[in-house]
Amino acid sequence: MKYSALQIVKQALRGNKGWTPAWRKAEPKPAYDVIIIGGGGHGLATAYYLASVHGITNVAVIEKGYLGSGNIGRNTTIVRSNYRLTANTQFYEKSMELWRELSHDLNYNVMFSPRGVINLAHSPGQMDAYAERGNQMRLLGLKSELLDRDQVARANPGLDVSGSARFPIEGGLLQPDAGNARHDAVAWGYARGASALGVDIIENTEVTGFLKEGDKIVGVEATRNGAPIEIRSEKTGVAVAGATSKVMATAGITELPIESTVLQAFVSESIKPAIPNVITFGSGHLYVSQSDKGGLVFGGNIDYYNSYAQRGNLPVWEEVTAELIAMYPCFARVRLLRNWGGIMDMSLDGSPIIGPGPLPGMYLDAGWCYGGFKATPASGWCFAHTIANDKAHELNEAFTLERFEDGRSLDEKGAGPTAWYH
Ligand SMILES: Cc1cc2nc3c(=O)[nH]c(=O)nc-3n(C[C@H](O)[C@H](O)[C@H](O)COP(=O)(O)OP(=O)(O)OC[C@H]3O[C@@H](n4cnc5c(N)ncnc54)[C@H](O)[C@@H]3O)c2cc1C
(Lines give C-alpha, C1' and ligand atoms only; values in the text may rest on other atoms or scores of the structure.)
Protein backbone atom coordinates (compact mmCIF):
# COMPACT_ATOMS: atom_id res chain seq x y z
CA MET A 1 0.00 0.00 0.00
CA LYS A 2 1.37 3.41 -0.98
CA TYR A 3 1.22 5.99 1.80
CA SER A 4 0.06 9.45 0.74
CA ALA A 5 -2.22 12.29 1.77
CA LEU A 6 -4.87 10.83 -0.55
CA GLN A 7 -4.54 7.46 1.17
CA ILE A 8 -5.16 9.09 4.56
CA VAL A 9 -8.34 10.69 3.23
CA LYS A 10 -9.47 7.42 1.60
CA GLN A 11 -8.87 5.42 4.76
CA ALA A 12 -10.57 8.04 6.93
CA LEU A 13 -13.70 7.75 4.78
CA ARG A 14 -13.63 3.95 5.36
CA GLY A 15 -13.32 4.29 9.12
CA ASN A 16 -9.58 3.51 8.95
CA LYS A 17 -10.37 -0.17 8.49
CA GLY A 18 -8.37 -0.64 5.28
CA TRP A 19 -4.80 -0.17 6.53
CA THR A 20 -2.67 -3.25 5.94
CA PRO A 21 0.28 -4.39 8.12
CA ALA A 22 3.49 -2.54 7.26
CA TRP A 23 5.40 -5.80 6.76
CA ARG A 24 4.47 -9.49 6.34
CA LYS A 25 4.96 -11.81 9.31
CA ALA A 26 6.94 -14.40 7.37
CA GLU A 27 7.44 -18.07 8.20
CA PRO A 28 10.99 -19.29 7.50
CA LYS A 29 11.62 -21.21 4.26
CA PRO A 30 14.21 -24.06 4.25
CA ALA A 31 16.71 -22.00 2.21
CA TYR A 32 17.45 -18.46 1.00
CA ASP A 33 20.05 -16.80 -1.21
CA VAL A 34 21.04 -14.55 1.70
CA ILE A 35 20.35 -14.67 5.44
CA ILE A 36 20.85 -11.55 7.54
CA ILE A 37 21.07 -12.20 11.28
CA GLY A 38 19.71 -9.24 13.25
CA GLY A 39 16.59 -7.22 12.47
CA GLY A 40 18.01 -3.94 13.72
CA GLY A 41 18.49 -0.90 11.52
CA HIS A 42 21.58 -2.28 9.81
CA GLY A 43 20.15 -5.74 9.08
CA LEU A 44 16.91 -4.31 7.70
CA ALA A 45 18.67 -1.65 5.63
CA THR A 46 20.97 -4.34 4.20
CA ALA A 47 18.00 -6.47 3.19
CA TYR A 48 16.28 -3.45 1.65
CA TYR A 49 19.31 -2.49 -0.47
CA LEU A 50 20.00 -6.13 -1.43
CA ALA A 51 16.50 -6.19 -2.89
CA SER A 52 16.20 -2.64 -4.24
CA VAL A 53 19.75 -2.05 -5.55
CA HIS A 54 21.02 -5.57 -6.33
CA GLY A 55 17.77 -7.37 -7.19
CA ILE A 56 18.44 -10.08 -4.59
CA THR A 57 15.03 -10.65 -3.03
CA ASN A 58 15.26 -14.24 -1.76
CA VAL A 59 16.49 -12.90 1.58
CA ALA A 60 15.59 -13.64 5.21
CA VAL A 61 16.18 -11.26 8.10
CA ILE A 62 16.20 -13.27 11.32
CA GLU A 63 15.49 -11.32 14.49
CA LYS A 64 15.50 -12.85 17.95
CA GLY A 65 12.99 -10.37 19.40
CA TYR A 66 10.61 -7.89 17.80
CA LEU A 67 11.72 -5.27 15.29
CA GLY A 68 13.10 -2.23 17.03
CA SER A 69 13.90 -4.07 20.27
CA GLY A 70 17.64 -3.46 19.87
CA ASN A 71 19.67 -0.29 19.60
CA ILE A 72 17.76 0.96 16.56
CA GLY A 73 14.82 1.73 18.87
CA ARG A 74 16.98 2.84 21.82
CA ASN A 75 19.30 5.50 20.50
CA THR A 76 19.29 9.28 20.89
CA THR A 77 18.64 9.73 17.14
CA ILE A 78 21.60 11.93 16.17
CA VAL A 79 22.58 11.91 12.51
CA ARG A 80 25.83 13.59 11.41
CA SER A 81 29.01 13.14 9.39
CA ASN A 82 31.39 15.55 11.14
CA TYR A 83 34.39 13.22 11.24
CA ARG A 84 38.11 13.86 10.83
CA LEU A 85 39.47 10.77 9.07
CA THR A 86 38.73 10.64 5.35
CA ALA A 87 37.39 7.06 5.35
CA ASN A 88 34.93 7.89 8.14
CA THR A 89 33.89 11.26 6.72
CA GLN A 90 33.15 9.83 3.27
CA PHE A 91 31.27 6.83 4.64
CA TYR A 92 29.09 8.91 7.01
CA GLU A 93 28.49 11.52 4.30
CA LYS A 94 27.16 8.74 2.06
CA SER A 95 24.76 8.06 4.90
CA MET A 96 23.74 11.73 4.99
CA GLU A 97 23.09 11.58 1.25
CA LEU A 98 20.78 8.59 1.79
CA TRP A 99 19.14 10.18 4.87
CA ARG A 100 18.14 13.25 2.85
CA GLU A 101 16.05 11.14 0.47
CA LEU A 102 15.11 8.31 2.81
CA SER A 103 11.50 9.24 3.52
CA HIS A 104 10.82 9.51 -0.21
CA ASP A 105 12.79 6.41 -1.07
CA LEU A 106 10.95 4.30 1.54
CA ASN A 107 7.60 6.11 1.17
CA TYR A 108 7.73 6.27 4.96
CA ASN A 109 8.27 9.37 7.07
CA VAL A 110 11.47 8.83 9.05
CA MET A 111 11.20 12.42 10.31
CA PHE A 112 14.70 13.39 9.20
CA SER A 113 15.29 16.82 10.69
CA PRO A 114 18.52 18.57 9.59
CA ARG A 115 18.46 21.09 12.42
CA GLY A 116 22.25 21.40 12.80
CA VAL A 117 24.67 19.75 15.23
CA ILE A 118 26.94 21.99 17.34
CA ASN A 119 29.94 20.52 19.17
CA LEU A 120 30.77 22.94 21.97
CA ALA A 121 34.40 23.88 22.62
CA HIS A 122 35.60 24.89 26.08
CA SER A 123 39.25 25.77 25.49
CA PRO A 124 41.40 27.33 22.76
CA GLY A 125 42.96 23.90 22.17
CA GLN A 126 39.54 22.43 21.54
CA MET A 127 38.71 25.27 19.14
CA ASP A 128 41.92 24.44 17.22
CA ALA A 129 40.93 20.78 17.03
CA TYR A 130 37.46 21.73 15.76
CA ALA A 131 38.97 24.11 13.20
CA GLU A 132 41.08 21.22 11.93
CA ARG A 133 38.06 18.90 11.76
CA GLY A 134 35.90 21.56 10.11
CA ASN A 135 38.57 22.23 7.49
CA GLN A 136 38.92 18.54 6.78
CA MET A 137 35.15 18.35 6.28
CA ARG A 138 35.22 21.31 3.90
CA LEU A 139 38.08 19.80 1.90
CA LEU A 140 35.85 16.77 1.34
CA GLY A 141 32.92 18.96 0.26
CA LEU A 142 30.90 18.92 3.51
CA LYS A 143 29.44 21.96 5.21
CA SER A 144 30.94 23.12 8.51
CA GLU A 145 31.15 26.42 10.38
CA LEU A 146 33.37 27.39 13.28
CA LEU A 147 31.25 29.47 15.68
CA ASP A 148 32.45 31.91 18.31
CA ARG A 149 30.74 32.15 21.69
CA ASP A 150 28.30 34.87 20.58
CA GLN A 151 27.18 32.84 17.58
CA VAL A 152 26.62 29.81 19.81
CA ALA A 153 24.65 31.95 22.27
CA ARG A 154 22.48 33.47 19.54
CA ALA A 155 21.61 30.03 18.19
CA ASN A 156 20.92 28.58 21.66
CA PRO A 157 19.63 31.12 24.18
CA GLY A 158 19.27 28.53 26.99
CA LEU A 159 22.96 27.62 27.11
CA ASP A 160 25.03 29.09 29.93
CA VAL A 161 27.66 30.99 27.94
CA SER A 162 28.73 33.17 30.86
CA GLY A 163 32.30 33.24 32.15
CA SER A 164 31.05 31.75 35.42
CA ALA A 165 29.73 28.56 33.77
CA ARG A 166 31.14 25.35 35.24
CA PHE A 167 32.96 24.82 31.91
CA PRO A 168 32.93 28.18 30.06
CA ILE A 169 32.10 27.90 26.37
CA GLU A 170 34.62 29.25 23.84
CA GLY A 171 32.65 28.46 20.70
CA GLY A 172 31.75 25.42 18.68
CA LEU A 173 31.75 23.55 15.40
CA LEU A 174 28.45 23.51 13.51
CA GLN A 175 27.47 20.96 10.90
CA PRO A 176 24.40 22.81 9.62
CA ASP A 177 22.80 19.98 7.65
CA ALA A 178 23.17 17.29 10.34
CA GLY A 179 20.39 16.62 12.86
CA ASN A 180 18.01 13.86 13.91
CA ALA A 181 15.62 11.23 12.58
CA ARG A 182 12.97 9.20 14.35
CA HIS A 183 14.76 5.97 15.27
CA ASP A 184 12.00 3.35 15.24
CA ALA A 185 10.44 4.80 12.07
CA VAL A 186 13.74 3.95 10.40
CA ALA A 187 13.39 0.28 11.40
CA TRP A 188 9.73 0.18 10.37
CA GLY A 189 10.36 2.00 7.09
CA TYR A 190 13.19 -0.33 6.03
CA ALA A 191 11.19 -3.38 7.15
CA ARG A 192 8.19 -2.26 5.14
CA GLY A 193 10.31 -1.49 2.06
CA ALA A 194 12.20 -4.79 2.23
CA SER A 195 9.06 -6.84 2.85
CA ALA A 196 7.29 -5.24 -0.12
CA LEU A 197 10.22 -6.32 -2.33
CA GLY A 198 9.91 -9.95 -1.17
CA VAL A 199 12.27 -10.14 1.82
CA ASP A 200 11.09 -12.44 4.65
CA ILE A 201 11.32 -10.77 8.05
CA ILE A 202 11.30 -13.50 10.64
CA GLU A 203 10.84 -12.19 14.17
CA ASN A 204 11.08 -14.01 17.51
CA THR A 205 13.68 -16.42 16.13
CA GLU A 206 17.10 -16.58 17.74
CA VAL A 207 20.13 -17.76 15.81
CA THR A 208 21.98 -20.21 18.05
CA GLY A 209 24.66 -21.50 15.69
CA PHE A 210 25.87 -21.88 12.13
CA LEU A 211 25.65 -24.72 9.62
CA LYS A 212 29.10 -25.45 8.26
CA GLU A 213 30.61 -27.48 5.44
CA GLY A 214 34.26 -27.56 6.41
CA ASP A 215 35.04 -23.94 7.20
CA LYS A 216 32.27 -22.57 4.99
CA ILE A 217 29.10 -21.19 6.53
CA VAL A 218 26.08 -22.63 4.69
CA GLY A 219 23.24 -21.47 6.91
CA VAL A 220 22.10 -21.06 10.48
CA GLU A 221 20.64 -23.00 13.37
CA ALA A 222 17.96 -21.16 15.27
CA THR A 223 15.25 -21.51 17.89
CA ARG A 224 11.71 -20.62 16.88
CA ASN A 225 8.71 -21.10 19.15
CA GLY A 226 10.95 -23.15 21.45
CA ALA A 227 11.88 -25.60 18.67
CA PRO A 228 15.21 -25.89 16.84
CA ILE A 229 15.20 -25.10 13.11
CA GLU A 230 17.81 -24.95 10.35
CA ILE A 231 17.84 -22.54 7.42
CA ARG A 232 20.35 -22.89 4.61
CA SER A 233 22.01 -20.12 2.66
CA GLU A 234 25.15 -19.60 0.58
CA LYS A 235 25.63 -16.17 2.16
CA THR A 236 25.04 -15.22 5.79
CA GLY A 237 25.45 -11.67 7.07
CA VAL A 238 25.86 -10.95 10.78
CA ALA A 239 24.48 -7.55 11.90
CA VAL A 240 23.69 -8.05 15.57
CA ALA A 241 25.41 -4.98 17.11
CA GLY A 242 25.93 -5.61 20.86
CA ALA A 243 25.51 -9.38 20.45
CA THR A 244 28.31 -9.66 17.86
CA SER A 245 30.80 -11.46 20.08
CA LYS A 246 28.12 -13.89 21.33
CA VAL A 247 26.84 -14.78 17.87
CA MET A 248 30.31 -15.00 16.31
CA ALA A 249 31.46 -17.28 19.14
CA THR A 250 28.90 -19.85 17.98
CA ALA A 251 30.81 -19.95 14.66
CA GLY A 252 34.07 -20.52 16.53
CA ILE A 253 35.27 -16.90 16.22
CA THR A 254 36.12 -16.15 19.82
CA GLU A 255 38.50 -13.23 19.44
CA LEU A 256 37.16 -9.99 18.01
CA PRO A 257 38.30 -6.37 18.55
CA ILE A 258 34.88 -5.56 20.02
CA GLU A 259 33.65 -5.00 23.56
CA SER A 260 29.97 -4.93 24.52
CA THR A 261 28.93 -2.28 27.01
CA VAL A 262 25.68 -0.56 27.99
CA LEU A 263 24.84 2.93 26.81
CA GLN A 264 21.87 4.70 28.40
CA ALA A 265 19.46 7.26 26.97
CA PHE A 266 17.32 9.70 28.96
CA VAL A 267 14.11 11.55 28.12
CA SER A 268 12.59 14.38 30.14
CA GLU A 269 9.00 15.53 30.40
CA SER A 270 7.84 17.68 27.49
CA ILE A 271 8.71 21.35 27.66
CA LYS A 272 8.27 24.22 25.19
CA PRO A 273 10.84 24.46 22.38
CA ALA A 274 14.16 25.18 24.09
CA ILE A 275 16.94 23.58 22.02
CA PRO A 276 16.85 24.32 18.30
CA ASN A 277 19.91 22.22 17.39
CA VAL A 278 21.63 19.08 18.57
CA ILE A 279 24.22 20.15 21.16
CA THR A 280 27.23 18.21 22.38
CA PHE A 281 29.23 19.19 25.45
CA GLY A 282 32.96 19.23 24.81
CA SER A 283 34.29 19.13 28.37
CA GLY A 284 32.76 15.76 29.18
CA HIS A 285 30.52 13.58 27.09
CA LEU A 286 26.93 14.67 26.64
CA TYR A 287 24.64 15.14 23.66
CA VAL A 288 21.15 16.60 23.84
CA SER A 289 18.36 17.55 21.51
CA GLN A 290 14.63 18.08 21.85
CA SER A 291 12.10 15.70 20.38
CA ASP A 292 9.10 16.91 18.39
CA LYS A 293 6.95 16.07 21.44
CA GLY A 294 9.09 18.43 23.54
CA GLY A 295 11.12 15.96 25.62
CA LEU A 296 14.83 16.56 26.09
CA VAL A 297 16.56 13.49 24.66
CA PHE A 298 20.08 13.07 25.96
CA GLY A 299 22.89 10.66 26.70
CA GLY A 300 26.57 10.58 27.62
CA ASN A 301 29.21 8.00 28.32
CA ILE A 302 28.73 4.26 28.25
CA ASP A 303 28.57 2.48 31.60
CA TYR A 304 32.15 1.65 32.44
CA TYR A 305 32.21 -2.14 32.26
CA ASN A 306 31.32 -4.83 29.79
CA SER A 307 27.78 -6.17 29.85
CA TYR A 308 25.09 -7.78 27.71
CA ALA A 309 22.27 -6.30 29.84
CA GLN A 310 19.90 -3.81 28.24
CA ARG A 311 19.81 -1.70 31.40
CA GLY A 312 22.21 0.73 32.96
CA ASN A 313 23.35 1.98 36.33
CA LEU A 314 22.75 4.98 38.57
CA PRO A 315 26.26 6.55 38.58
CA VAL A 316 25.92 7.28 34.86
CA TRP A 317 22.52 8.95 35.45
CA GLU A 318 24.23 11.26 37.90
CA GLU A 319 27.17 11.98 35.61
CA VAL A 320 25.05 12.65 32.54
CA THR A 321 22.42 14.81 34.25
CA ALA A 322 25.16 16.82 36.02
CA GLU A 323 26.69 17.56 32.62
CA LEU A 324 23.32 18.63 31.24
CA ILE A 325 22.78 21.03 34.13
CA ALA A 326 26.34 22.38 33.80
CA MET A 327 25.47 23.43 30.23
CA TYR A 328 21.82 24.32 30.80
CA PRO A 329 21.23 25.38 34.44
CA CYS A 330 17.69 26.35 33.31
CA PHE A 331 16.79 22.63 33.04
CA ALA A 332 17.62 21.88 36.69
CA ARG A 333 13.96 21.44 37.64
CA VAL A 334 12.81 19.59 34.53
CA ARG A 335 11.70 16.09 35.48
CA LEU A 336 13.21 12.98 33.97
CA LEU A 337 10.48 10.85 32.42
CA ARG A 338 12.24 7.64 31.44
CA ASN A 339 15.54 6.02 30.56
CA TRP A 340 16.78 2.78 29.08
CA GLY A 341 19.96 1.04 28.01
CA GLY A 342 21.21 -0.58 24.83
CA ILE A 343 24.16 -2.89 24.22
CA MET A 344 26.90 -1.21 22.26
CA ASP A 345 29.42 -2.98 20.07
CA MET A 346 32.48 -0.82 20.79
CA SER A 347 35.36 -1.45 18.39
CA LEU A 348 38.86 -0.87 19.68
CA ASP A 349 39.64 1.99 17.28
CA GLY A 350 36.17 3.53 17.25
CA SER A 351 35.53 2.76 13.57
CA PRO A 352 33.22 0.09 12.18
CA ILE A 353 33.89 -3.28 10.59
CA ILE A 354 32.04 -4.08 7.34
CA GLY A 355 33.35 -6.80 5.12
CA PRO A 356 33.33 -10.33 3.85
CA GLY A 357 34.49 -13.02 6.30
CA PRO A 358 36.01 -13.88 8.63
CA LEU A 359 34.82 -17.32 7.42
CA PRO A 360 33.84 -18.21 3.84
CA GLY A 361 30.13 -17.64 3.28
CA MET A 362 30.00 -15.18 6.18
CA TYR A 363 29.88 -11.35 6.19
CA LEU A 364 30.29 -9.11 9.22
CA ASP A 365 28.82 -5.69 10.04
CA ALA A 366 29.79 -4.53 13.55
CA GLY A 367 31.77 -2.18 15.76
CA TRP A 368 29.33 0.74 15.70
CA CYS A 369 30.23 2.32 19.02
CA TYR A 370 28.20 5.43 19.81
CA GLY A 371 27.40 6.18 16.19
CA GLY A 372 25.65 3.35 14.40
CA PHE A 373 22.25 4.97 14.06
CA LYS A 374 23.45 7.68 11.70
CA ALA A 375 25.35 4.99 9.81
CA THR A 376 22.23 2.88 9.21
CA PRO A 377 21.61 3.81 5.55
CA ALA A 378 25.28 3.70 4.47
CA SER A 379 25.96 0.57 6.48
CA GLY A 380 23.04 -1.22 4.82
CA TRP A 381 24.02 0.13 1.42
CA CYS A 382 27.71 -0.92 1.75
CA PHE A 383 26.96 -4.25 3.45
CA ALA A 384 24.47 -5.14 0.69
CA HIS A 385 27.12 -4.27 -1.92
CA THR A 386 29.69 -6.38 -0.05
CA ILE A 387 27.38 -9.39 0.16
CA ALA A 388 26.16 -9.10 -3.43
CA ASN A 389 29.65 -8.69 -4.92
CA ASP A 390 31.71 -10.67 -2.40
CA LYS A 391 33.94 -7.66 -1.90
CA ALA A 392 33.81 -4.33 -0.16
CA HIS A 393 32.59 -1.15 -1.85
CA GLU A 394 35.27 1.57 -1.96
CA LEU A 395 33.39 3.35 0.85
CA ASN A 396 33.90 0.44 3.25
CA GLU A 397 37.15 -1.04 2.03
CA ALA A 398 39.06 0.59 4.92
CA PHE A 399 36.68 -0.97 7.46
CA THR A 400 38.20 -4.44 7.39
CA LEU A 401 38.55 -6.76 10.34
CA GLU A 402 42.12 -7.42 9.18
CA ARG A 403 43.14 -3.82 9.92
CA PHE A 404 43.50 -4.82 13.57
CA GLU A 405 46.02 -7.52 12.58
CA ASP A 406 47.86 -5.31 10.08
CA GLY A 407 48.09 -2.29 12.36
CA ARG A 408 46.06 -0.03 10.03
CA SER A 409 43.64 1.15 12.70
CA LEU A 410 41.22 4.02 12.03
CA ASP A 411 41.50 5.76 15.36
CA GLU A 412 39.18 8.74 14.78
CA LYS A 413 39.90 10.35 18.13
CA GLY A 414 43.50 9.25 18.57
CA ALA A 415 42.27 7.68 21.80
CA GLY A 416 44.22 4.42 21.61
CA PRO A 417 42.98 0.88 22.00
CA THR A 418 40.46 1.54 24.76
CA ALA A 419 36.88 0.92 23.72
CA TRP A 420 35.54 3.32 26.38
CA TYR A 421 37.16 6.35 24.83
CA HIS A 422 35.69 6.04 21.35
C1 LIG B 1 21.30 4.72 24.32
C2 LIG B 1 21.89 4.74 22.95
C3 LIG B 1 22.05 5.96 22.29
C4 LIG B 1 22.59 5.98 21.00
N5 LIG B 1 22.62 7.17 20.34
C6 LIG B 1 23.03 7.21 19.05
C7 LIG B 1 22.96 8.43 18.32
O8 LIG B 1 22.48 9.45 18.82
N9 LIG B 1 23.41 8.45 17.06
C10 LIG B 1 23.95 7.33 16.47
O11 LIG B 1 24.37 7.42 15.33
N12 LIG B 1 23.99 6.15 17.14
C13 LIG B 1 23.54 6.06 18.40
N14 LIG B 1 23.56 4.86 19.08
C15 LIG B 1 24.13 3.68 18.43
C16 LIG B 1 23.17 3.00 17.47
O17 LIG B 1 21.88 2.93 18.02
C18 LIG B 1 23.70 1.60 17.17
O19 LIG B 1 25.07 1.65 16.83
C20 LIG B 1 22.96 0.94 15.99
O21 LIG B 1 21.57 1.03 16.19
C22 LIG B 1 23.41 -0.51 15.89
O23 LIG B 1 22.92 -1.15 14.75
P24 LIG B 1 21.50 -1.89 14.66
O25 LIG B 1 20.45 -0.85 14.52
O26 LIG B 1 21.54 -2.87 13.57
O27 LIG B 1 21.45 -2.59 16.08
P28 LIG B 1 20.26 -3.31 16.83
O29 LIG B 1 18.98 -2.58 16.68
O30 LIG B 1 20.74 -3.60 18.21
O31 LIG B 1 20.13 -4.63 15.98
C32 LIG B 1 20.74 -5.87 16.25
C33 LIG B 1 19.65 -6.89 16.34
O34 LIG B 1 20.22 -8.20 16.40
C35 LIG B 1 19.33 -8.99 17.16
N36 LIG B 1 20.03 -10.20 17.60
C37 LIG B 1 21.02 -10.29 18.54
N38 LIG B 1 21.38 -11.58 18.67
C39 LIG B 1 20.63 -12.28 17.81
C40 LIG B 1 20.54 -13.67 17.51
N41 LIG B 1 21.30 -14.58 18.13
N42 LIG B 1 19.64 -14.08 16.57
C43 LIG B 1 18.84 -13.17 15.93
N44 LIG B 1 18.88 -11.85 16.20
C45 LIG B 1 19.77 -11.42 17.11
C46 LIG B 1 18.94 -8.08 18.31
O47 LIG B 1 17.75 -8.51 18.95
C48 LIG B 1 18.80 -6.73 17.60
O49 LIG B 1 17.46 -6.46 17.24
C50 LIG B 1 23.01 4.78 20.37
C51 LIG B 1 22.83 3.56 21.02
C52 LIG B 1 22.26 3.54 22.29
C53 LIG B 1 22.07 2.22 22.97
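The values are calculated or read from the model by the stated rules, or taken from the named source; none is laboratory data. Every value quoted in this text rests on a predicted model; they were computed, and no experiment measured them. Note: ideal-geometry Cβ built from the backbone for every residue, glycine included; neighbour counts use all protein chains shown.
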Say whether the condition of being within 10 Å of the ligand (Cβ to nearest atom), out of contact with any Cys (no Cβ under 8 Å at 6 or more places or on another chain) and not hydroxyl-bearing (Ser, Thr, Tyr) is met by at least one residue in the range 307-326.
yes
All-but-one check, SER81 against (1) within 14 Å of the ligand (Cβ to nearest atom); (2) in a helix (DSSP H, G or I), failing number (2)
Out of (1) part of a loop (DSSP other than H, G, I, E, B); (2) at pLDDT 95 or above, the one GLY68 does not meet is (2)
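Any chance the range 18-28 includes a residue that's within 8 Å of the ligand (Cβ to nearest atom), out of contact with any strand residue (DSSP E or B) (no Cβ under 7 Å at 6 or more places or on another chain) and not in a helix (DSSP H, G or I)?
Going residue by residue through the range 18-28, those that are within 8 Å of the ligand (Cβ to nearest atom) are none.
No, the conditions are met nowhere in the range 18-28.
Could you run through the range 132-176 and say how many residues are of a type in the set (Gly, Ala, Ser), in a loop (DSSP other than H, G, I, E, B) and in contact (Cβ under 8 Å) with a residue 60 or more places away in the chain?
Pass one, the range 132-176, residues of a type in the set (Gly, Ala, Ser): 134, 141, 144, 153, 155, 158, 162-165, 171-172.
With the extra rule that they be in a loop (DSSP other than H, G, I, E, B), the set shrinks to 141, 144, 158, 162-165.
Pick out the ones that are also in contact (Cβ under 8 Å) with a residue 60 or more places away in the chain and you get 144, 158, 165.
Total satisfying the criteria: 3.
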So, first residue touching a residue at least 60 places away in the same chain (Cβ under 8 Å) in the range 298-324, second residue part of a loop (DSSP other than H, G, I, E, B) and surrounded by fewer than 18 Cβ atoms within 10 Å (Cβ to Cβ), Cβ within less than 7 Å, six or more apart or across chains; the pairs are ASN301/HIS285
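Check whether at least one residue in the range 117-132 is within 18 Å of the chain's Cα centre (by Cα) and modelled with pLDDT of 95 or more, and report yes or no. Spell out the reasoning first.
From the range 117-132, those within 18 Å of the chain's Cα centre (by Cα) are 117; that's our starting set.
This time we only want the ones that are modelled with pLDDT of 95 or more, so: 117.
Among the residues of the range 117-132, at least one is within 18 Å of the chain's Cα centre (by Cα) and modelled with pLDDT of 95 or more, which makes the answer yes.
Out of LYS64, LYS29, LYS94, LYS10, report the one residue that is outside the structural domain of GLY237 (by TED's automatic domain parsing) and either surrounded by fewer than 24 Cβ atoms within 10 Å (Cβ to Cβ) or not charged (D, E, K, R) (or both). Break it down stepwise before answering.
Details: LYS64 fails: outside the structural domain of GLY237 (by TED's automatic domain parsing); LYS29 fails: outside the structural domain of GLY237 (by TED's automatic domain parsing); LYS94 fails: outside the structural domain of GLY237 (by TED's automatic domain parsing).
Within the list LYS64, LYS29, LYS94, LYS10, the selection yields LYS10.
Got a sec? Which of GLY125, GLY134, GLY141, GLY193 is of a type outside the set (Val, Ile, Thr), buried (at least 20 other Cβ atoms within 10 Å of the Cβ) and outside the structural domain of ASN75 (by TED's automatic domain parsing)?
GLY134
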- prompt: Is the range 152-170 home to any residue that is farther than 24 Å from GLY295 by Cα, within 24 Å of the chain's Cα centre (by Cα) and modelled with pLDDT of 95 or more?
  reply: no
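Given ALA60, ALA45, which one is in a strand (DSSP E or B), in contact (Cβ under 8 Å) with a residue 40 or more places away in the chain and touching a Ser or Thr at 6+ places or on another chain (Cβ under 9 Å)?
Numbers: ALA45 fails: in a strand (DSSP E or B).
Exactly one residue qualifies, and that residue is ALA60.
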Residue match in the range 240-252 (condition: farther than 20 Å from LEU364 by Cα and surrounded by fewer than 19 Cβ atoms within 10 Å (Cβ to Cβ)):
no
Taking the range 245-269 and keeping only residues that are away from the ligand (no atom under 11 Å from the Cβ) and of a type in the set (S, T, N, Q), one is left with THR254, SER268
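Sort through ASP303, ASP365 and tell me the only one that's farther than 20 Å from GLY179 by Cβ, surrounded by 16 or more Cβ atoms within 10 Å (Cβ to Cβ), touching a Gly at 6+ places or on another chain (Cβ under 8 Å) and assigned by TED's automatic domain parsing to the domain that holds TYR49. Can you show your working first?
Values: ASP303 fails: assigned by TED's automatic domain parsing to the domain that holds TYR49.
Among ASP303, ASP365, only ASP365 is farther than 20 Å from GLY179 by Cβ, surrounded by 16 or more Cβ atoms within 10 Å (Cβ to Cβ), touching a Gly at 6+ places or on another chain (Cβ under 8 Å) and assigned by TED's automatic domain parsing to the domain that holds TYR49.
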The lone condition GLY242 fails out of (1) within 30 Å of CYS382 (Cα to Cα); (2) in a strand (DSSP E or B); (3) within 12 Å of the ligand (Cβ to nearest atom) is (2)
**Prompt:** Looking at GLY299, is it out of contact with any Pro (no Cβ under 8 Å at 6 or more places or on another chain) and either basic (Lys, Arg) or not in a strand (DSSP E or B) (or both)?
**Reply:** no
For this session: Tell me, please, whether a residue that is within 8 Å of the ligand (Cβ to nearest atom) and surrounded by 15 or more Cβ atoms within 10 Å (Cβ to Cβ) can be found in the range 227-235.
Result: no
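In this structure, is ASP292 acidic (Asp, Glu) and touching a helix residue (DSSP H, G or I) at 6+ places or on another chain (Cβ under 8 Å)?
Values: acidic (Asp, Glu): yes; touching a helix residue (DSSP H, G or I) at 6+ places or on another chain (Cβ under 8 Å): no.
The answer is no for ASP292.
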